[in-house]
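The values are calculated or read from the model by the stated rules, or taken from the named source; none is laboratory data. Predicted model, so just to flag it, every value in this text is computed and none were measured. Quick reminder, even Gly has a Cβ in these numbers, built from the backbone with ideal geometry, and neighbours come from all protein chains shown. These area figures cover heavy atoms from the full protein model, side chains too; ligands, DNA and RNA do not enter into them. Shrake-Rupley method; radii C 1.70, N 1.55, O 1.52, S 1.80 Å.
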Amino acid sequence: FIVPNGLDLSEFENLPPREILRNKYPILKNKKVILFLGRLDWKKGLDILAKAYGRISRQRDNMHLLVVGDGPENFKEKVKKWFKNEGVFEGEKITFTGMLTGKEKLEALSGSDIFVLPSYSENFGMAIVEAMACGLPVVTTDTVGVYHEIIEAKAGLIVSCDSAQVGEVLLKIIDNEELAKELGENGKKLAEDMFDFGKIADKMIEEFKKIIV
């Protein structure tokens with residue numbers, strides 16, 4: 001019996017107003033905010049994201065990428081260089097916030113429009129569940145542990161670790177508000193149905209009882 005990781009969803013019941021993020025970062029006003037939230041690490045696919053976002057940001061001027069997370073200084077500089085090489089400059093099309101926790105992390109989630117995690121490898125993907133709990137449409141790869149559940153629930157768009165595909169589905173969501181809303185609503189329901197701490201605890205108790213009996 002496999003028990004998924006879970007969340008205390010009560011944390012996501014009263015999210016900060018969407019405007020707080022945009023007031024804190026005025027460059028985000030009137031933009032579709034694409035959110036990456038996670039440790040700055042090679043396996044997170046930030047090189048894929050740099051190429052994907054570089055391509056689509058040349059086609060649209062209504063978007064901004066928010067990178068929330070931290071990592072080793074030398075790797076952070078490497079990541080920033082990847083984006084610069086694609087014509088994506090800090091303060092214009094991309095903002096690096098560093099690590100955010102607690103209320104500030106919730107502000108980033110509630111103020112964004114799309115969540116993206118193009119990982120090469122991800123055992124589970126807790127940040128994805130957090131994004132879904134906030135009603136964000138999700139773009140991620142088929143190497144992430146929860147991708148089967150996302151496909152079944154129609155809670156996001158799943159691609160391979162390919163920058164062209166990542167860029168294509170990001171634009172698909174940006175250009176289709178109805179699709180974005182549907183994916184977000186399905187994701188929120190998936191988080192509530194499958195990843196709530198209380199429901200996971202109940203499932204574990206049921207399985208323990210079967211074994212004990």
If the convex hull is drawn through the Cα atoms of region 112-152, its volume per residue in Å³:
60
Report, as a whole number in µm² per second, the diffusion coefficient that Stokes-Einstein gives for region 23-77 at 4 °C and 1.567 mPa s using the Kirkwood radius over alpha carbon pairs.
104
On Cα atoms only, tilt of 73-85 relative to the major axis of the chain in degrees:
60
Could you please state, rounded to a whole Å, how far the C-alpha centre of region 1-62 is from the C-alpha centre of region 132-185?
12
Taking K210 as the anchor, which aspartates and glutamates have their alpha carbon closer than 16 Å to its alpha carbon, excluding any fewer than eight residues away along the same chain?
D202
Of the accessible area of the chain, with the probe set at 1.4 angstrom, what percent is carbon plus sulfur?
50
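Hey, what's the per residue convex hull volume over the C-alpha atoms of region 96-213, in cubic angstrom?
On the way: hull volume 14.7 nm³, N = 118.
Output value, Cα hull per residue: 124 Å³.
By the scheme Lys and Arg +1, Asp and Glu -1, what is the net charge of all other residues having a beta-carbon under 13 Å from that of G135?
On the way: positive: R18, K181, K188, K189; negative: E13, D113, E130, E182, E185, E192.
Spelling it out: positives minus negatives among the neighbours equals -2.
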Cross-chain or 8 or more residues apart, Cα under 14 Å: how many lysine pairs in region 32-148 fit that? Count them up, please.
14
When only C-alpha pairs under 8 Å and at least 6 residues apart count, what is the relative contact order of the chain, in percent?
25
Using only helices, what value at 222 nm comes out for the chain when you add -39,500 (n - 2.57) per DSSP H run of length 4 or more and divide by the total residues, to the nearest 500 deg cm²/dmol?
-14500 deg cm²/dmol
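Can you give the convex hull volume per residue for the Cα atoms of the chain, as a whole number of Å³?
Values: hull volume 24.7 nm³, N = 213.
So the per-residue Cα hull volume is 116 Å³.
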Rel. contact order, % - alpha carbon contacts under 8 angstrom, at least six apart, region 1-119
41
Only residues of region 17-39 count here: report those whose backbone N is under 13 Å from the spot 7 Å along Cα→Cβ of K103, or say none.
17, 20-21
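Could you rank the peptides 34-46, 62-74 by their average count of other C-beta atoms within 10 Å per residue, with the highest value first?
On the way: 34-46: 20.9, 62-74: 17.5.
Ranked from most to least packed, the peptides come out as 34-46, 62-74.
Hey, can you find the accessible area per residue of the chain for me, probe 1.4 Å, expressed in square angstrom?
Working: 10720 Å² over 213 residues.
Result: 50 Å² per residue.
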